[in-house]
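Read the structure below first, then the notes.
The values are calculated or read from the model by the stated rules, or taken from the named source; none is laboratory data. Remember, it's a predicted structure, so these values are computed and weren't measured experimentally. Counting neighbours? That spans all protein chains shown, and the Cβs are built from the backbone with ideal geometry, glycine included.
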Amino acid sequence: MEESGNLLFHRYPQSKAITSVRWLPSVSAFDRLVAAAVDDPDASSSSLEIHSLQPPNPDPNPNTNSPLLHLRSSFSLPSPISSLRVSPNPQKPLAAASTLDGSLHLLFLDPVNGAVVSELSIAGDRSFHSGVIQAIDLQTDGRDCVTAGEDGRVNLVSVGETGVDYKRVHESRGLASYTAARWGSVVEFATGGVGFGVQWWDQRKPGGLVSQFKGSWGRDSVTRMVHSIDIHPSRKHICLVGGSSGTIFAWDRRWEQQPILLSGVGLNGRVQSVSESEVWEVQYDSYSQSSGITSAPSTKLLPVMMCSEDGILAVLEQGETPTELLAEPCAINTFDIDPQNPSDVVCGLEWESIGLLMRGRDAMVM
C-alpha cells in the first residue's frame, strides 16, 4: 500500500499479464467485482478472470489494512483479449470480449459470485472479421454491441437470450483500419483509427456515416493512431480521444475541424503534455471537480483521466496543469473508474499487477 495526500494505491501481483480491467456492476457494497483480461504467453492461454474486492480484515497495523482481492472465477478463451466491455445492469451483468483472432464472446455472469453462467459467441466466421477486432462497445442495456476491426470492418451485433446476429455497417476494403469504438446514444456511435481520424455514425442515416474528423497536426515523426474514445452521456456531441505520442484531444461536432487539444503536439506547437508515449485509455472523470463549470451551460470540457505506456495515470482539465495520480516504472495498460464509486480506480500494470487507486479522505473505507 502506498499513501500520498488523499490517495491510497494498492498493488495486487498476478501470475499473468493484465491487458484490460473493468468494474462489474455490484449488488453489494461489501463485495465488489472486477473483470480482468489476462494472458499467459508461456502456457499459450488466455482467459477472463473475475476478482472480488472485499473490505480489509481488522488489523491495527495500517500498513497491512488493504482491501482483499480474491479470484472468483476464470473462463478460458481461444485467443488473447483485444477489447473488453461490460454492461452496467447489476441484475444481468454481461461481459463482452473480442480477441486477436477475430472472435467475439458475450459472457453472461452470475451477479453475486461473478461466474460465467452462459456464453454466446461469433467465432471462426471470416465474414464477420478477418483479423483482430481492435475495439468493441456495449449498449447500456447490453442488447447491442459495435465491433471495429483492423480489417476495416464495422459491425453491429444484436444480443438475444439464446443467440446473436450481426450486420455490416461499413467495409473499407483495406483503405482504413479501426482501433477504437464508443456508443454515443442508442443509435449513434464513434470510431477512431489511423491518422487521428474519428468518425461519427448514425443508424438512422443512409450509409451510417454522418461526419468525420481527419487529424492533420503533428510533425512527420509523430505516429498518429487513436487508441481510445469516450463520450459523456450528457454531452454526446463531444468525443474525447486518446492516441499516440501523448495526444489527447476533444472533437466537438459543433465545430468539426477545430479539435480541442489537451495534451500532445498541435498545429501551433506543443501544448502542455502529461505524457510523450501512447495514451492507451481515456475516460471522463466524474469524481474530479472542474474549476470552471457551474450550473450554467459551459463550453469547457469536463475533467479527463488517462493512462499511458510510460506509466502515467493523470487527470487533465482544459487550461489547467495536469494532476499526476500515479507514475509507475512500467506501462499502465488499462484503467476503469467505478461508476458506482467514482473515487475508486482499478488499473492494469505491465508488470503483471492489478492496481487499486482510492481517492478522498475515506479511501480506507470500502
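Can you work out which of the residues in the range 88-103 that are buried (at least 23 other Cβ atoms within 10 Å of the Cβ) and not hydrophobic (A, V, I, L, M, F, W, C) is nearest to Arg143 (Cα to Cα)?
Pro93
Of all residues in the range 234-256, which are among the β-branched types (Val, Ile, Thr) and assigned to a loop (DSSP other than H, G, I, E, B)?
Taking the range 234-256 first, the residues among the β-branched types (Val, Ile, Thr) are 238, 241, 247-248.
Matches in the range 234-256: Thr247 only.
Mind counting the residues in the range 120-139 that are among the acidic types (Asp, Glu) and modelled with pLDDT of 95 or more?
Initial filter on the range 120-139 (among the acidic types (Asp, Glu)): 125, 137.
Subsequent filtering for residues that are modelled with pLDDT of 95 or more retains 137.
So the count comes out to 1.
I need a count of the residues in the range 317-348 that are assigned to a strand (DSSP E or B), of a type outside the set (Asp, Glu) and under 17 Å from Ala36 (Cβ atoms). Spell out the reasoning first.
So the first thing to find is which residues in the range 317-348 are assigned to a strand (DSSP E or B), and the list is 323-327, 332-337, 344-348.
Filter once more, so that each one left must be of a type outside the set (Asp, Glu): 323, 325-327, 332-335, 337, 345-348.
Among the residues that remain, those that are also under 17 Å from Ala36 (Cβ atoms) are: 332-335, 337, 345-348.
Number of matching residues: 9.
Which number in (1) in a strand (DSSP E or B); (2) closer than 30 Å to Arg173 by Cα; (3) acidic (Asp, Glu); (4) more than 20 Å from the chain's Cα centre (by Cα) marks the one condition that Asp137 misses?
Exception for Asp137: condition (4).
Test Ala176 against the stated conditions and say whether it is in contact (Cβ under 8 Å) with a residue 24 or more places away in the chain and in a strand (DSSP E or B). Quick ask: steps written out before the conclusion?
Values: in contact (Cβ under 8 Å) with a residue 24 or more places away in the chain: yes; in a strand (DSSP E or B): no.
So Ala176 fails the test.
Do you know which residues across the range 117-145 are farther than 17 Å from Gly163 by Cβ and β-branched (Val, Ile, Thr)?
Selection gives Val132, Ile133, Ile136, Thr140.
If you go through the range 75-89 one residue at a time, do you hit one that is at pLDDT below 95, touching a strand residue (DSSP E or B) at 6+ places or on another chain (Cβ under 6 Å), among the basic types (Lys, Arg) and in a strand (DSSP E or B)?
no
Only one residue in Val186, Val164, Val198 is out of contact with any strand residue (DSSP E or B) (no Cβ under 6 Å at 6 or more places or on another chain) and of a type in the set (A, V, I, L, M, F, W, C), so which one is that?
Details: Val164 fails: out of contact with any strand residue (DSSP E or B) (no Cβ under 6 Å at 6 or more places or on another chain); Val198 fails: out of contact with any strand residue (DSSP E or B) (no Cβ under 6 Å at 6 or more places or on another chain).
Every option except Val186 fails the conditions.
Looking only at residues in the range 1-56 that are β-branched (Val, Ile, Thr) and modelled with pLDDT of 90 or more, which one is surrounded by the fewest Cβ atoms within 10 Å (Cβ to Cβ)?
Thr19
Quick one: Arg126 ticks every box in (1) in contact (Cβ under 8 Å) with a residue 40 or more places away in the chain; (2) in a loop (DSSP other than H, G, I, E, B); (3) more than 22 Å from Cys307 (Cα to Cα) bar one, so which box is it?
Going through (1) in contact (Cβ under 8 Å) with a residue 40 or more places away in the chain; (2) in a loop (DSSP other than H, G, I, E, B); (3) more than 22 Å from Cys307 (Cα to Cα) one by one, Arg126 breaks only (1).
Looking at Gly149, Gly215 in this structure, which one is farther than 26 Å from Ser20 by Cα, surrounded by 19 or more Cβ atoms within 10 Å (Cβ to Cβ) and of a type outside the set (A, V, I, L, M, F, W, C)? Break it down stepwise before answering.
Numbers: Gly149 fails: farther than 26 Å from Ser20 by Cα.
After ruling out the rest, the residue left standing is Gly215.
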